[in-house]
Amino acid sequence: MNHPPLFAEERNGYKMKILIACKEFPHSKVIGGPVIVYNRLKYLSRNHTVSLAAFYREEEKEFIPSVGDFCHDLKLVPYPPKRSWPKVISDFFISPVPHYFLQTYNSPQMSEVIAGMVSKDRYDFVIAEYSMMGQFIHRNPLLPPVKRIMSVHECYYLARLKDLAHHGFGIKKLKEAINLKGLKDYEFEMYREADKVLTLTPQGRKELLKISSDLDVAIVPHGVDVEKFAYSQPEEHEKSIVFLGNYLHYPNADAVLYFYNEIWQRLKALVPDIKFYVVGQGPSPEIKSLGLDNDIVVTGKVDDVTPYLKKGMVFICPVRLGGGFRGKILEAMAIGRPVVSTSLGAEGIPAVNEENIIIADNEEGFARGISNLMNDESLFRKISRNARQLVEEKYAWEKGVEILEGVLEELMEKPRAI
C-alpha cells in the first residue's frame, strides 16, 4: 500500500534518510509499545526524511492519515496467513529463522517490501523496531547495502526464558520450551551483525551485554506526550483503579488475571467501594468474564485512553512477566495518577518508592499500597506531583528523539557493518 510522498527536505531541509520497520502499524490511536514508534516518526520527520514499513490489519486503514504527513513513503503489509501444520513442523526443524519469529511473522513479502524501499530511496538507516522485525533485514539477500539498527523493545530470548521459569510443568511450559528453540543464537546473531543495537533502558542494555559483551548498544529511552497527557486532578470522586494494555501481549493478560485472582479480594477488603477498569484491545474470554463482577469494567479497544486514565484515581501495573519498558506508566504519571507497580513493571524508570511511585512485589503490599494512596491525601498529592515532575524532566518525547538523532549522527560517520 503506497501513500503520496511528503519529503522532509521540502519542509525543513533533511539531514538523514531513515526507514522504520515495525511489527504493528504505529498510528495515532495505537496503544502499548508501538506508541514509541509513532512518536519517533512524528518527531524525526521534523528534520529528516522518514518512511515506514509495517504490518497492519484491514480495520486500521482509517488511521493512515494520522501518519501520512510524517512519511516520505508508507507501505503497509497484511499479516501473513497462518501456516499449515506440515509447514510449521518443516520450518521448526529446517528453517534458520526460529519458530518464535515465524509463528506470526512468516512474511517473505515484508522482506521484499523493505528491500524495495531501500533500493528505491537509498536510506541511510533501516531501524527494525522490535527484534521480531530484525529477520527482514538480517541476511536479507534482496536488501541493498544500508546501515541496520536493531531497536530492542524486549529481548525475546530473555522474556521467553522468564516465562519458562514462571510456568509449572504443563502445556504452557512446553510451549515456551518450543519457543526457545534456536531463539538465543538467532537473536544475538542479528544483534552482533547489526550496525547498532538500541535498548529502552539501562537494564535492557546490561542484560544484552551480559550475554554478548561485544555488542554496540545505545540507550534511547521511551517518552510521553506531556501536552496530550496533561496534569489533572481525578475527574470523579469514585475510588477506582485502571490498568491499560494490549492483551494480545501475554504479559499484560497475565497481569490482569494475576491481579484479579491474587490481589482483588484483598483490596476490596480494604476499600469496599473500589472499581477496576481494564482498558485496551484484545481481552481474552477469561478477561472479559471479569466484567461479571459489577465492580469491574472491561472496555475492550477504545479510541482514546486519556479519559480512562483521568477517570481512575490510581494506575496499577501488576506485571510479572516479559521485559522492556512500560510507557503506560509514564502516561499515568504525566496525568498525575499515582502508580502502584511491581519492580518488573517499573523497570527502567528511575522511580523511588513512596516518593514518585509505590513499588510492591507481593499481593498484600500491592493491595495496601493502593489503599494507602486512596486514604492518605498527602501521600497521594506527593507522589502525583513528583511523578509528573519526573516525566517532564526526563521523558518528554523530544528528549528521547534528540538522543536517537545523536546516535544516528554518530553512526553516519562509521563504516557499515558487513
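Every number in this text was worked out from the coordinates using simple rules, so none of it is lab data. Small disclaimer: the values here were computed from a predicted structure and weren't measured. Cβ sites come from the backbone with ideal geometry, for glycine too, and all protein chains shown count toward neighbours.
What ³J(HN,Hα) values, in whole Hz, does the Karplus curve 6.51 cos²θ - 1.76 cosθ + 1.60 give for region 31-36 when θ = phi - 60°, with x put for Gly and Pro?
10, x, x, x, 4, 5
Which order do PHE315, PHE55, PHE93 fall in if you start with the one that has the fewest other Cβ atoms within 10 Å?
Details: PHE315 26, PHE55 22, PHE93 8.
Going from least to most buried by this count: PHE93, PHE55, PHE315.
Just want the ordering: ASP163, ASP69, from fewest to most Cβ atoms lying within 10 Å of their own Cβ.
ASP69, ASP163
When the chain is modelled as a GNM with alpha-carbon springs shorter than 10 Å, which of THR342, THR299, THR201 fluctuates the most?
THR299
Please list, ordered by chain and number, the residues whose modelled amide H lies under 5 Å from the amide H of HIS72; skip anything fewer than 5 residues away on the same chain.
Counting only residues 5 or more places away or on other chains, the set is LEU6, VAL50, SER51.
Return a whole-number percent for the relative contact order of region 198-323, with Cα pairs under 8 Å and 6 or more residues apart as the contact set. Spell out each step's value before the answer.
Details: 170 pairs, mean separation 37.5, N = 126.
Taking the mean separation of contacting Cα pairs over the length of region 198-323, I get 30 percent.
Quick check: net charge around GLU112, other residues with Cβ under 14 Å of its Cβ, Lys/Arg +1 and Asp/Glu -1?
Cβ neighbours under 14 Å give a net charge of +2.
Starting at the first residue of region 146-163, write each ³J(HN,Hα) from the Karplus equation 6.51 cos²θ - 1.76 cosθ + 1.60 with θ = phi - 60°, in whole Hz, x for Gly and Pro.
Calculated HN-Hα couplings, in order: 6, 6, 10, 10, 9, 9, 8, 5, 8, 7, 5, 4, 5, 5, 5, 5, 4, 5 Hz.
Return PHE92, PHE380, PHE366, PHE229 ranked ascending by Cβ neighbour count within 10 Å, so the fewest neighbours appear first.
Arranged by neighbour count, lowest to highest, PHE92, PHE380, PHE366, PHE229 become PHE92, PHE380, PHE229, PHE366.
To the nearest 20 debye, what charge dipole does the chain have about its Cα centre, counting +1 at the Cβ of each Lys and Arg and -1 at the Cβ of each Asp and Glu?
Using only the charged Cβ atoms, the result is roughly 720 debye.
Show that you can apply the helix-only estimate: for the chain, add -39,500 (n - 2.57) for every DSSP H stretch of four or more residues, divide by all residues, and state [θ] at 222 nm to the nearest 500.
Dividing the helical sum by the residues of the chain leaves -12500 deg cm²/dmol.
Considering only the other residues whose Cβ falls under 10 Å of the Cβ of LYS382, what net charge follows from Lys and Arg at +1 and Asp and Glu at -1? Display every interim value, and only then the final one.
On the way: positive: ARG381, ARG385; negative: GLU354, GLU355, ASP376, GLU377.
Net of charged neighbours comes to -2.
Output the 0 to 90 degree angle, nearest 10, between the alpha-carbon long axis of helix 377-394 and the longest principal axis computed from the alpha carbons of the chain.
Between helix and principal axis, roughly 10 degrees.
Compute the distance from the alpha-carbon center of region 279-338 to that of region 205-235, in whole Å.
Taking the Cα centre of region 205-235 as reference, the centre of region 279-338 is 20 Å away.
Once phi is turned into ³J(HN,Hα) by the Karplus curve 6.51 cos²θ - 1.76 cosθ + 1.60 with θ = phi - 60°, what whole-Hz value does each residue of region 117-132 show in order, with x for glycine and proline?
5, 5, 4, 6, 10, 6, 5, 6, 9, 10, 9, 8, 7, 5, 4, 4
Can you give the relative contact order of the chain as a percent, counting alpha carbon pairs under 8 Å and 6+ residues apart?
Relative contact order for the chain comes out at 14 percent.
Taking H as built 1.01 Å from N, whose amide H comes closer than 5 Å to the amide H of ALA360, not counting residues under 5 places away?
Answer set, sorted by chain and number: SER341, THR342, SER343.
Give the total of Lys-Lys pairs in region 240-394 with Cα-Cα distances below 27 Å; include a pair only if its members are 8 or more places apart or on different chains.
So the count of such lysine pairs works out to 28.
Report, to the nearest 10°, how far helix 250-262 tilts away from the longest principal axis of the Cα atoms in the chain, using its own Cα long axis and a range of 0 to 90°.
Here the helix axis deviates by roughly 10 degrees.
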